[in-house]
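The values are calculated or read from the model by the stated rules, or taken from the named source; none is laboratory data. Keep in mind the model is a prediction, meaning the values are calculated, not measured. Using ideal geometry, Cβ is built from the backbone for each residue, glycine included, and neighbour counts are taken over all protein chains shown.
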Amino acid sequence: MSAQPEPALLHSEEEEALRAAVRDLLTDHCDPAGVLTRTETAAPHDVSLWKALADSMGLAGLLIPEELGGQGATHREAAVVVEELGRAVAPVPYLTSAVVATEALLACGADELLGELASARTVAVLAVGLHVAPGGAVPGVRLENGALHGELTGIADASVADVLLVPGDDGDLYAVRAADATVTPHVSLDLTRPLARVTLDGAPGRCLGAAEPAVRRALRAGAGLLASEQLGLADWLLTETVRYLKERKQFNRQVGGFQALKHRLARLWLEVAGLRAAARSAADALASGADTDVAVAVAQAYAARVAVHAAEEALQLHGGIGMTWEHPVHLYLKRAKADSIAYGAAGAHRAALADLVDLRAP
Amino acid sequence: MTDAAELRRRTRELLAAHPPATTERLDFLRARFDAGLAWVHYPQGLGGLGAPRALQAVVDAELAAESAPDNDPRRIGIGLGMAAPTILQYGTEEQKRRLLRPLWTGEEVWCQLFSEPGAGSDLAALGTRAVRSGDDWVVNGQKVWTSSAHLARWAILIARTDPDVPKHRGITYFVCDMTDPGVEVRPLRQITGEAEFNEVFLTDVRIPDSRRLGEVGDGWRVAQTTLNNERVAIGGTPIPREGGMIGKIAATWRERPELRTHDLHQRLLGLWVEAEVARLTGVRLRQQLAAGQPGPEGAGMKLNFARLNQEISGLEVELLGEEGLLYDDWTMRRPELVDFTGRDAGYRYLRSKGNSIEGGTSEVLLNIVAERVLGLPAEPRTDKDVAWKDLAR
């Protein structure tokens, strides 16, 4: 194969400073017990945390150009934020609004809405099922006399959205005010990124432009940065499990001293080290535009197995306490499992790679 | 201070005085050593100029531009990578002057007499005995997995000089002349059919005390210098996408559509992704090293390498179907250089089985990751305060 440009896989000092700032905020305002309690209320999203992140820290506009009120940063910085939010299973619409919907709006040149997103006055979500892979089939709703009719399911974070970006059956993307739609929460596997059904019954929509390229670009960015979220999940799970196994004693020994468990954790560490490189490569490729399709597909073909494995190992190695509702490991397991389907399962990304790197199916 | 400009000037002087086109290879290499341009970070008079190690690249680039001969470093890796740094750190002035120049030029090949049939992962339990006799040491024992022993003039050797103290404390480090009486080298045939390695039998071999490296009983510490340099030597160069084992099977897949099945396709794509992620992990590690922040990923790179080589070559044999039932050649051969990705898929499959054993087994490496990276408790030690002679064997 031809030589690939070498991606920059380290974090700059500025990126590390951003990480430290986000982590400080989450340490103070997003502890696991609080997240768990919130999931059992009618409002599982943490709106005040979102305001702190999006408004006070200005992170909602990372990917939005400065002239529209954003930060003019890149996917490398956004990936740092996504990773830290994953580490805390934070219930905020960052990936869905500040990454996926933002990318769709950037593709359409929807400057006015982008300004609203950058200033954190508006949360937008793309009304495409969370399971859809970049390039996958996207159902559009019926356009009739300038109004939209239909039902869309599996829309992540729709219950906190102010604006829904809805593909129409004419091939265009429409901005619909959430107030003009009916949003009904599903009972979701992932308690911290709940899905909803969106019903449109003659809702007015503002045409933004062609849906296909905007949706493709949005889902590719979502898939690429999802790997950083999965890294955050896996890193927390590994760190927490190692910490617990040093503390937990059975048979008059630290449980973490048993070789059967040491080897499992060492293998998991190796997988997480791989995910760190793959996730960074995807973020860097989204920022640079070089080799992006391959880098994103590699990251997504790899990440899900690692994040789910980390969660399953964490649960097993915690023993009985890991099976309880009280312990936060299930929040991570549910997020990791849902993430393994989000923006396309590993198999969809492997299939994409088969074409991209010329390893064709029989 | 020797800077890049100064090195460039000296290299051009060397090239002018000894034009590669008209100079014998060995004469050129000796002249290069004497000019201090062999390994610039070594001291003056020993092939270097006491310059920063990173500046070697300046010299190498100048020499490559003039097509100057090199010392064929792959052929003398043990000398360059393991013996030389140990001699430099622990050798006497006389030892350094006698040994380093022909080591570097390749006139004298080196091998390593460390592993024994009874001391593999637990190298410090080694039982080859060295007993003092006048100005000499008399050595008896058996070493194994010794590459280049049949070509070597010298060996670095560790042997037990005191069986009455715990195992790490009774070892001494020597330089052994492979041409001495009592040194017998036998090829060790592997499952591939060929013999890359040797067994070395040592029977009443007399080594003068002047060929000892370091203090008596301090051989384990001296050996750490050797082994740490072995680890530095691994994994330095960037690998392109589809470099290594995955490139072989990918090429076969593209060229032979009649072999494809859906099952093989899914498994191939899975391994392709893993190989690419392992490559990216190596890229990240190198970027960390370049930025002066060595990361712990290095400890895991060999684990990835071994597992992927084994799985990919295994899949390749299966992909070949009827051809996978054949083998290229079982003839006992003595390869000069080993290429894990060389020959046919069957050879690659069998050779890669050694990748999780040689240079630290995967099981020991997992312990190292668990203890040094994750900080988990060390294995219980039952041999720490026991004299070597009382250990279970």
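Structural remarks
Results for (1) more than 30 Å from A:Asp293 (Cβ to Cβ); (2) buried (at least 21 other Cβ atoms within 10 Å of the Cβ); (3) away from every other protein chain (no Cβ under 14 Å), shown as yes or no for each residue.
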position: B:Trp272; (1), (2), (3): no, yes, no
position: B:Gln288; (1), (2), (3): no, no, no
position: B:Pro294; (1), (2), (3): yes, no, no
position: B:Gly314; (1), (2), (3): no, no, yes
position: B:Leu320; (1), (2), (3): yes, no, yes
position: B:Met332; (1), (2), (3): yes, no, yes
position: B:Pro335; (1), (2), (3): yes, no, yes
position: B:Phe340; (1), (2), (3): yes, no, yes
position: B:Asp344; (1), (2), (3): yes, no, yes
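- Test: residue in segment A:348-358 that is without any contact (Cβ under 8 Å) to a residue 40 or more places away in the chain, among the hydrophobic types (A, V, I, L, M, F, W, C) and within 14 Å of chain B (Cβ to nearest Cβ): yes
- Only one entry in A:Glu103, A:Glu84 is farther than 18 Å from A:Tyr332 by Cβ, at pLDDT 95 or above and assigned to a helix (DSSP H, G or I), namely A:Glu103.
- Which listed residue, of A:Glu6, A:Glu13, A:Glu40, is within 14 Å of another protein chain (Cβ to nearest Cβ) and over 30 Å from A:Ala354 (Cβ atoms): A:Glu13
- Qualifying residues in segment A:315-354 (those that are assigned to a loop (DSSP other than H, G, I, E, B) and on the phi > 0 side of the Ramachandran plot) - the one nearest to the chain's Cα centre (by Cα): A:Tyr343
- Segment A:239-261 - residue that is assigned to a helix (DSSP H, G or I) and over 26 Å from A:Pro32 (Cα atoms) and, of those, nearest to the other protein chains (Cβ to nearest Cβ): A:Gly257
- Screening B:Val185, B:Val165 for residues that are of a type outside the set (D, E, K, R), assigned by TED's automatic domain parsing to the domain that holds B:Ala387 and in contact with a Ser or Thr (Cβ under 9 Å, 6 or more places away or on another chain) leaves exactly one candidate, B:Val185.
- Per-region count, segment B:251-265, residues surrounded by fewer than 20 Cβ atoms within 10 Å (Cβ to Cβ), facing another protein chain (nearest Cβ under 7 Å) and assigned to a helix (DSSP H, G or I): 3
- Those residues of segment A:313-347 which are surrounded by 20 or more Cβ atoms within 10 Å (Cβ to Cβ), charged (D, E, K, R) and either without any contact (Cβ under 8 Å) to a residue 24 or more places away in the chain or within 29 Å of A:Val138 (Cβ to Cβ) (or both), in sequence order: A:Arg335, A:Asp339
- Here B:Gly217 meets each of (1) away from chain A (no Cβ under 14 Å); (2) small (Gly, Ala, Ser); (3) farther than 30 Å from B:Thr161 by Cβ with one exception, condition (3).
- In a residue-by-residue description of segment A:215-238, the property of being outside any helix (DSSP H, G or I) and hydroxyl-bearing (Ser, Thr, Tyr) applies to no position.
This table checks each residue for (1) in a helix (DSSP H, G or I); (2) closer than 25 Å to B:Val338 by Cβ; (3) of a type in the set (Phe, Trp, Tyr).
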site: B:Arg10; (1), (2), (3): yes, no, no
site: B:Leu29; (1), (2), (3): yes, yes, no
site: B:Leu37; (1), (2), (3): no, no, no
site: B:Ala61; (1), (2), (3): yes, no, no
site: B:Pro73; (1), (2), (3): no, yes, no
site: B:Ile78; (1), (2), (3): yes, yes, no
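- Residues satisfying the stated conditions in segment B:346-393, i.e. under 21 Å from B:Phe305 (Cα atoms), away from chain A (no Cβ under 14 Å), in a loop (DSSP other than H, G, I, E, B) and not hydrophobic (A, V, I, L, M, F, W, C): B:Glu358, B:Gly359
- Taken over segment A:55-101, the criterion of being without any contact (Cβ under 8 Å) to a residue 40 or more places away in the chain and surrounded by 23 or more Cβ atoms within 10 Å (Cβ to Cβ) is satisfied by A:Leu59, A:Leu62.
- Subset of segment B:167-178 (residues that are surrounded by fewer than 21 Cβ atoms within 10 Å (Cβ to Cβ) and either under 22 Å from the mean Cα position of the chain (by Cα) or assigned to a strand (DSSP E or B) (or both)): B:Asp177
- One residue stands out among those in segment B:355-393 that are closer than 20 Å to B:Ala119 by Cβ and of a type in the set (S, T, N, Q): the one that is modelled with the lowest pLDDT, which is B:Thr382.
- Only listed residue being touching a strand residue (DSSP E or B) at 6+ places or on another chain (Cβ under 8 Å), touching a residue at least 24 places away in the same chain (Cβ under 8 Å), more than 22 Å from A:His131 (Cβ to Cβ) and outside the structural domain of A:Glu84 (by TED's automatic domain parsing), chosen from A:Leu238, A:Leu268, A:Leu245: A:Leu245
- Residue within segment A:303-326 that is of a type in the set (Val, Ile, Thr), touching an Asp or Glu at 6+ places or on another chain (Cβ under 9 Å) and within 8 Å of chain B (Cβ to nearest Cβ) present: no
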